Structure formats: structure tokens, C-alpha cells
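Below is one structure; the comments refer to it alone.
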Amino acid sequence: MKSEPVGKRRIAWMPGDGVGHDVMDAARIVLDAIGFDADYVHADIGWEFWRREGDALPARTIEALRTTDCALFGAITSKPSEEAEAELDPSLRGLGLVYVSPIVRLRQLFDLHTNLRPCKAYEGNPLNYRGTETSPVTEPIDIVVFRENTEGMYAGVEFYPLPEPVYGALCANPRMTPWADKGLENVALSTRIVSRQGCERICRQAFEYAREHGRRRVTLVEKPNVLRKTGGLMTRVFREVARGYPRIESDEANIDAICMWLLKNPQDYDVLVAENMFGDIISDLCAGLVGGLGFAASANIGDDYAVFEPTHGSAPKYAGRHVVNPMAMLLTVRMMLDWLDESSLAGRLEQAIAEVIREGRVATYDVKGRGRGDSTLDVAREVARKAIGA
Ligand code: IPM
Ligand code: MG
């Protein structure tokens, strides 16, 4: 799944936009304190490079990443097409440059097919589902989402207006014909393309993870009763893969139904596997059950490269103020250490994070309330202190 460990690591360091910088500062405090031996290679990515150069993921960044073991990434600002065009440097406007989210591009360029998003309720977190600050509840929620990361609705195959030859080809399906009456210049099309290979990879990753981590059940999240072709293929492949893991239970849920069931009985779910967009949706929902995006870590994993990123966005209004919760980033660092086979460092970091959350002595404003929060860096220092047993 990854390259052999080779002494000192080379980690691509990509703060990106907004609070990406704040949480990367927190990551560095912890990595330095626990003695992680690495060179950090700074790489440009984000909105600033879109505005100045017309490219949020410059070619030099892609080259730099190729010289590293893996990348740690902060956060990104993404805006819809018209705003993106309007914010470009005047010399770059009108050239037909198209903004594409650089993280989505990275996932595709490096074939990072598996987006792994663990959502675990840590004891004592007042933001846990159905808890309050004065009566925290820790339901045993420990869900891991496997989101397909390169195909599906987010593959980027889209058209507007709809070109005549595309329309012509789509008319192989008679359901397409009514759109011509609306005028093709009024029609927008986003496609949901999945392949047997893509479905197989993500389902296999989910079952392999379940086997390695002693998980009891893998649930497919789809909608094959309506999305008969793409959802149908994913469902067939899921069943084939499941047959190879007779000791792990498997079941299937529709995306709409599971959004309700996750809110009613979150403790019933274990490993979830889904296509790109459905995985995007349920991973935010699951994050909401365990404290929100401030606690949501993620890893984009390919066969031999990985990009680690907290799930939260760049929160521009908090940028540079060091007030946001670094836990999502610190949990992301933990995933990176795991992937690099630094299991002892990963274990110490996990324990330290769990302790800091349980004690609740040092925590940011989202946990403690506005005006009472500690800084991003204070939380990182507290985690670092626990991790080295100081
Ligand atoms: C995520 C985010 C991204 C996505 C956006 C920022 C492109 O929502 O990582 O979940 O949709 O993949
Ligand atoms: Mg998302």
C-alpha cells in the first residue's frame, strides 16, 4: 500500500488557505515535540496562487510532491466559477482559465482512490452527539467512512452549455430527448461515472480495513433503486467483494435512509463505504455526531502516495488568529504517522489527544464557548506535553 520506510522522511508541507496555516503550526509543534524525524518541503497551493498565477495547484507543487513520501495539507478556499473569475489578477481574466479545486485535482493526479474518514466520539467531548456542555454524553460512536475519491459525481466531467455532439450521443438513451426542447444552451450536465475497477478498489479497501482492525460490519451507502446503472454496478461489486470476507457482516443502505438512521442509532454503524459524493455527504454527517469538523480527520490514500488533510475548510474570518480547533489536524497527523508505519508515535499521539479531550482543561472556543477558548497553539502544546509524558 505504500513505499518502504526509509530513515528520515520527506513530508510535503501545504498549509493552503486561511486557517490551514494555523492548524499546520499546531501540527508542527506536535511533530517536533514527539521527535518525528523529517524534512518538510514547503509547497504552494490554494486561492492565492489561483488569483496571482491562474493555477491553485502550480506545476512546481506537483513536482515537489513527487520527491516526498506523503503530504500534509491544511485547508483550501473554493468558490464557484463566476467569483473565481472575478478574483483573478486582471491580466489573467478572459483567458478561459477554469478554477478546479486543487485537492480534487491532487486526488485524481496521484490516483488517491481511498478517502478514509474516521469519526469517533472521544470521551468527555461536550460536542458529542446528544451531549451538552453541562451533561456530556459519549455514545459509543466509532464509524469509519471509506469514500471513493477519484470517480463518481466529482470526476469533473461536466458541460454547460450542453454541446450538440454530447447531446446527440446521450440520445442513445431516449430519456434524453426532452432536453432539446429547453434549448441546449439552457442545459447543464454533470455526470456520475463509476468503473468496476473503482468500485472494487474502494470496497476492497473497506473490507481489508475491517479485517485488519477487527471491525464487525461494512455497510454500502448507495441508491441503486434510482441510480440503476452506477448504483447497480457498485452494489454488485460490493456483494462480490463481501463474499471474500465471510466473517465480516455486510449490508446495504440507501443514502437518504442512512442519513436518518445515523441520527437515530449512530452506534449501530461501523465501516461505511460509498461513492465520492455520497461519501462526502455522510462523512460530514458522521463528523457532526462526534463534535463537528473540528474533530474530523481524513486521509487520501493511493497505492504509493497519500495526502493527509483535516476535513474542515479554510474559515477565512478566523485566519491567522490561532483560535480554531487543531484536533482535526492532530488526528490527521496521527493518521499520517500510522500510514508511515510509525505506530508507536501514532499510538502516543492518539492517547495524548484522547486525554486532552477527556480532561477538557485546554480547549478552543468551539468546545469551551466564545471568549473562554484557549488558542490553537495552546491545545497543540498540551497534546505535545502529554505525548512526551512531560
Ligand atoms: C471534502 C470537501 C471537498 C470535497 C471540497 C472542498 C472540494 O468538501 O474534502 O470533503 O468535496 O471533496
Ligand atoms: Mg466535504
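What follows is calculated from the coordinates using simple rules that are stated; it is not laboratory data. These numbers were taken from a predicted model, which means no experiment stands behind them. Here Cβ is always computed from backbone atoms with ideal geometry, including for glycine, and neighbour counts include all displayed protein chains.
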Can you work out D for the stretch 45-93 in µm² s⁻¹ from Stokes-Einstein, where Rh is the Kirkwood radius over C-alpha pairs, the temperature is 37 °C and the viscosity is 0.692 mPa s? 276
Quick one: which residues, 5 or more positions from Val41 or on another chain, have an amide H under 5 Å from its amide H? H modelled 1.01 Å from N in the peptide plane, none for Pro or chain starts. Ile11, Ala12, Trp13
Could you tell me how many degrees, from 0 to 90 and to the nearest 10, lie between the Cα long axis of helix 376-387 and the main elongation axis, the longest principal axis, of the Cα atoms of the chain? 60
Lys, Arg +1 and Asp, Glu -1 on Cβ, resulting dipole of the stretch 259-384 about Cα centre, debye, nearest 20: 860
Counting other Cβ atoms within 10 Å of each Cβ, which GluC sites (Glu not before Pro) in the stretch 121-159 have at most 16 and sit in a DSSP loop? Glu123, Glu133
Quick check: the angle from helix 255-264's long axis to the longest principal axis of the chain, C-alpha only, nearest 10 degrees? 30
So what are the three principal axis dimensions of the stretch 184-331 from its Cα atoms, in whole Å, longest to shortest? 53, 50, 38
With Cα coordinates, the longest principal axis of the chain makes an angle with the long axis of helix 20-33, in degrees rounded to 10, of 40
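Loop only per DSSP, at most 15 neighbouring Cβ atoms within 10 Å: give me the trypsin sites (Lys or Arg not before Pro) in the stretch 148-247, ordered by residue number.
Details: sites: Arg175, Lys182, Arg192, Arg196, Arg201, Arg204, Arg211, Arg215, Arg216, Arg217, Arg228, Lys229, Arg236, Arg239, Arg243, Arg247; in loops: Arg192, Arg215, Arg216, Arg228, Lys229, Arg247.
Passing sites in the stretch 148-247 are Arg216, Arg228, Lys229, Arg247.
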Reach of Lys264 by Cα under 28 Å, taken over lysines that are not fewer than 8 positions away in the same chain: Lys120, Lys223, Lys368
Mind listing the lone cysteines of the chain, meaning no other Cys beta-carbon sits under 4.7 Å from theirs? Cys70, Cys171, Cys199, Cys203, Cys259
Inter-part gap, Cα centre of the stretch 278-321 to Cα centre of the stretch 197-221, in whole angstrom, is 20
Between Gly152, Gly46, Gly168, where does the largest GNM mean-square fluctuation fall for the chain, given springs only between Cα atoms within less than 10 Å? Gly168
